[in-house]
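Note sheet for the following structure.
The values are calculated or read from the model by the stated rules, or taken from the named source; none is laboratory data. Being a predicted model, the structure only gives us computed values, none of them experimental. Please note: Cβ atoms are built from the backbone with ideal geometry, for glycine as well, and neighbour counts cover all protein chains shown. SASA here: full protein model, heavy atoms, side chains in, ligands and nucleic acids out. Shrake-Rupley method; radii C 1.70, N 1.55, O 1.52, S 1.80 Å.
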Amino acid sequence: MSEPDESLVRIEGPWTHRSVHAGGTRFHVVEAGEGPLVLLLHGFPQFWWTWRHQLVSLSAAGYRAVAVDLRGYGASDKPPRGYDLPTL
C-alpha cells in the first residue's frame, strides 16, 4: 500500500505546518499566532482543515492556535497494523 500524498494535507495559508513526535508517533500539527495556547482537535473523519477559519480568527485575536491531526488522519502517522484492539 502506498503512502498518502501529504501535499493534499499540507495546504499553504497563514499558518505553519510542523511535526511533533510523541510516544513513537509523528503527529502533524498546524499552528498560527502567538499568545496563550488554544488546542483544536477534530473528530472522525476530518483533519486539521476543519479548523482553518478558527486558526485565522484565534491568531488575529492574540492566541496561538494549534490544530492536531489525530493518529491515522491527515499527515499524522498511521498505526502499523491498523486499528486492532491493542492499538485502540
*HN-Hα J in Hz across the stretch 23-29 - Karplus 6.51, -1.76, 1.60, θ = phi - 60°, x for Gly and Pro*: x, x, 10, 9, 10, 8, 10
*asked:* What distance in nm lies between label points placed 7 Å from Cα along the C-beta direction at residue 77 and residue 52?
replied: 2.8
*Show that you can apply the helix-only estimate: for the chain, add -39,500 (n - 2.57) for every DSSP H stretch of four or more residues, divide by all residues, and state [θ] at 222 nm to the nearest 500.*
-3000 deg cm²/dmol
*Quick one: how many Å² of residue 42 are accessible to a 1.4 Å probe, rounded to 10?*
10
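Can you check how the C-alpha radius of gyration of the chain compares to 2.2 N^0.38 Å, as a plain ratio?
Scaled against compact globular proteins, the figure is 1.13.
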*Near the amide H of residue 72, under 5 Å away, which other amide H atoms are found, from residues 5 or more places off or on another chain, if H is placed in the peptide plane?*
77, 78
*Can you tell me the dipole magnitude for the chain around its Cα centre, using point charges on the Cβ only (Lys, Arg +1; Asp, Glu -1), in Debye to the nearest 20?*
160
